[in-house]
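A.B. asks: I'd like to ask some things about the structure below.
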Amino acid sequence: MAWRTGGCAGRCLLPLVLLAASLLDWSLISLVNMIFFFAIRFVAPRRGFRAWRLYLLFWCTIVYSVLASLAQVTFHLIWCIEGEGWVVAHSWWAKLVGFARSQPGESPSVIYFLVVQLSAAVLALVEVFGSRLYQDSCWLNFSFGIEQIGYHLRVACCFLLPAVQLVVSISHPSWISLPFFVFSCIGVVDWSLTSNFLGLFRWWRLLEIYSVFIILLLYVYQLPVKFPYVVLAFADFIGLFKISSNSEWPEVSSGISLLFYYFMLSSAKQDIQDMDSLMSLENDSLAEELLPSRNVFLVRQSRSGRRHANVLLRGSVFRTFSINFFTYGFPSIMVLCSAT
């Protein structure tokens, strides 16, 4: 049995809904939603390959969303019956798991949680049982329009990704953001010396894994847990921070830019792989025909037949400027940012 590689609901909408569910509050229930978000983005199948892992993730999302919603409704019904003096509602584990979100009837946060969580279940159901839906002409036209929009967004992601990576590295200078800065400098030097724009994405696999690790580490640090002093001291040393209404703008921009960076990278990684594969081909016309030409928008072919990706680089002036700026300019910016 060969499953589809996922429609617009599974590849775009469902991860966004899961991300929204994970950011509603800091709890273990929300953490699992974020793990599902990463899993769906990470195991997105290659074109033409079987999508059994993605199919299994959709089923896990459905089961988890239903169970989390039922548990949340049951807990608040018991809370309403027992009243505000219910001891369990004020326990540390109820807040950690994500049951005790607010007093019953005082805040719509529970309603938001149920709406978002059930929306994730519905979108996953559409992907699992929506084979007949995808045969409908209206839905096919809608999906085709979404695909066109997604193509242009992926092109924008490829061009903006290096800039967002720099924002991640300098918005909140710390040890955990240092690898983003180092790989940005290496990528720009590679681009400048080889005139290959794809040099900016040379280390994207490592950065994808590292960004997932940092986001999860930062998320775990937000959980309502009293960490030991040693853990707090180490977290402050490497650059972890608590996000609240009193957070400063460098911390907020660092967290937001990190999420944007991962989402853009996971959206454009298939196109980066295709362009890198095409650049590595010499005279293999059969393999070239198998690659989707619409996804190699950065690759050009000269009159001699040699492929290149220097669509943004013209002349030695910009090359010299890039090396000098990212060798001396950005270290100075990091020093100034850390001083402020």
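The values are calculated or read from the model by the stated rules, or taken from the named source; none is laboratory data. The model shown is predicted, which means the values in this text are computed figures rather than measured ones. No Cβ is skipped: glycine too gets one built from the backbone with ideal geometry, and neighbour counts run over all protein chains shown. Ligands, DNA and RNA are excluded from the accessible area calculation, which covers all protein heavy atoms including side chains. Shrake-Rupley method; radii C 1.70, N 1.55, O 1.52, S 1.80 Å.
A.B. asks: Under the Karplus relation 6.51 cos²θ - 1.76 cosθ + 1.60, θ = phi - 60°, what is the ordered set of whole-Hz ³J(HN,Hα) values for the stretch 205-212, x standing for Gly and Pro?
C.D. replies: Each residue of the stretch 205-212 in turn: 5, 5, 5, 5, 5, 5, 5, 4 Hz.
A.B. asks: Please enumerate, by chain and number, the lysines with C-alpha under 29 Å from the C-alpha of Lys242, excluding those fewer than 8 residues away in the same chain.
C.D. replies: Qualifying lysines at Cα under 29 Å: Lys95, Lys226.
A.B. asks: Turning to a different aspect of this structure: Which net charge results when you count Lys and Arg as +1 and Asp and Glu as -1 among the other residues whose beta-carbon is under 14 Å from that of Cys60? Could you put the intermediate results ahead of the total?
C.D. replies: Details: positive: Arg53; negative: Glu127.
Residues close to Cys60 contribute a combined charge of 0.
A.B. asks: Local charge sum around Val182 (other residues, Cβ-Cβ under 15 Å, Lys/Arg +1, Asp/Glu -1)? Write out the running numbers ahead of the final one.
C.D. replies: Numbers: positive: Arg202; negative: Asp190.
Result for the neighbourhood of Val182: 0.
A.B. asks: Using a 1.4 Å probe, what is the accessible area per residue for the stretch 145-274, in Å²? Numbers along the way, then the final one.
C.D. replies: Numbers: 6130 Å² over 130 residues.
Accessible area per residue: 47 Å².
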